[in-house]
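*Asks:* My questions will all concern the structure given below.
The values are calculated or read from the model by the stated rules, or taken from the named source; none is laboratory data. What you see is a predicted model; the values in this text were computed from it and never measured. Positions of Cβ are backbone-derived with ideal geometry, glycine not excepted, and every protein chain shown enters the neighbour counts. To get the accessible areas, we keep the full protein, side chains included, count just its heavy atoms, and leave off ligands, DNA and RNA. Shrake-Rupley method; radii C 1.70, N 1.55, O 1.52, S 1.80 Å.
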Amino acid sequence: RVFPDLAFSIPGDRLPTANPPTAIRRIAVGVINDRWFADADHYSRYLATLATFVQKLLSRGHTITVIHGDGRYDLEPLKDLKGALRQLGLADEDPRISSPRITTHSELLRQLADVDMVIASRYHNVVLGLVLGRPTIALAYHFKLTVLLQDFGMNDCTIELDELDCVRLGHAFDALAARVQSAAH
């Protein structure tokens, strides 16, 4: 068998149990480092957009798991997002937001299996979300993410990083959540 990524060849018995979501309550939001942005201003806007969107999701009753996909490069953006959330008045100890330290592939899989939707930039966060059957929105830093979501018939679930704003993200989120809801009924 040929797979678009090795993650799709993981034997099913090695994947954590992940039932299809019937409603969107728990959302993984993945961060990526600043090297994928034209400059510091673009990176700051990315963080501000994610923080504002997380705040909006919390106000709608969702819980958030902030994930990183690369422990070497994404710990700094994880701290930066927490700083942006603090600027919006969200405390580090807010029980609605978790940011587990992920050090292995298995830990990342378990975190993704425990959510109802994935919103991420890091390629393997997106791929593994799809492998686990999680509705996924890719915040695309590279065309490979766009192509991946196109292959899944999810063109409307990709937002280019330089076009990211809360309105686009909100539309993609609402449309994908509506699809999950309608599939559950």
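*Asks:* Could you please let me know if ASP94 is over 13 Å from the mean Cα position of the chain (by Cα) and within 28 Å of ASP41 (Cβ to Cβ)?
*Replies:* yes
*Asks:* Can you tell me which of (1) surrounded by fewer than 23 Cβ atoms within 10 Å (Cβ to Cβ); (2) in contact with an Asp or Glu (Cβ under 9 Å, 6 or more places away or on another chain); (3) at pLDDT 90 or above is the one LEU139 doesn't meet?
*Replies:* Every listed condition holds for LEU139 apart from (1).
*Asks:* Further question: Would you check which residues across region 95-131 are open to solvent by 20 Å² or more (accessible area, probe 1.4 Å) and assigned to a loop (DSSP other than H, G, I, E, B) and list them?
*Replies:* Selection gives PRO95, ARG96, SER99, PRO100, ARG101, THR103, THR104, ASP114, ARG122.
*Asks:* Please determine, by comparing only the residues of region 119-145 that are small (Gly, Ala, Ser) and more than 17 Å from VAL167 (Cα to Cα), which one is nearest to the chain's Cα centre (by Cα).
*Replies:* SER121
*Asks:* Give the residues of region 73-86 that are open to solvent by less than 40 Å² (accessible area, probe 1.4 Å) and either more than 14 Å from the chain's Cα centre (by Cα) or among the charged types (D, E, K, R) (or both), sorted by residue number.
*Replies:* Across region 73-86, the qualifying residues are ASP74, GLY83, ALA84, LEU85.
*Asks:* Could you tell me which residue of region 142-171 is least open to solvent (accessible area, probe 1.4 Å), considering only residues that are within 25 Å of SER44 (Cβ to Cβ) and assigned to a loop (DSSP other than H, G, I, E, B)?
*Replies:* Ranking the qualifying residues of region 142-171, first place goes to LEU164.
*Asks:* With (1) closer than 19 Å to ARG179 by Cβ; (2) in a loop (DSSP other than H, G, I, E, B); (3) open to solvent by less than 30 Å² (accessible area, probe 1.4 Å); (4) not acidic (Asp, Glu) as the list, and THR22 as the residue in question, which single condition is left unmet?
*Replies:* Every condition holds for THR22 apart from (3).
*Asks:* Output the residue which, of all residues in region 45-72 that are in a loop (DSSP other than H, G, I, E, B) and farther than 19 Å from GLU160 by Cα, is most open to solvent (accessible area, probe 1.4 Å).
*Replies:* Only one residue fits best here, namely ARG72.
*Asks:* Does at least one position in region 123-136 carry a residue that is at pLDDT 95 or above and more than 25 Å from ASN19 (Cα to Cα)?
*Replies:* Within region 123-136, not a single residue is at pLDDT 95 or above and more than 25 Å from ASN19 (Cα to Cα).
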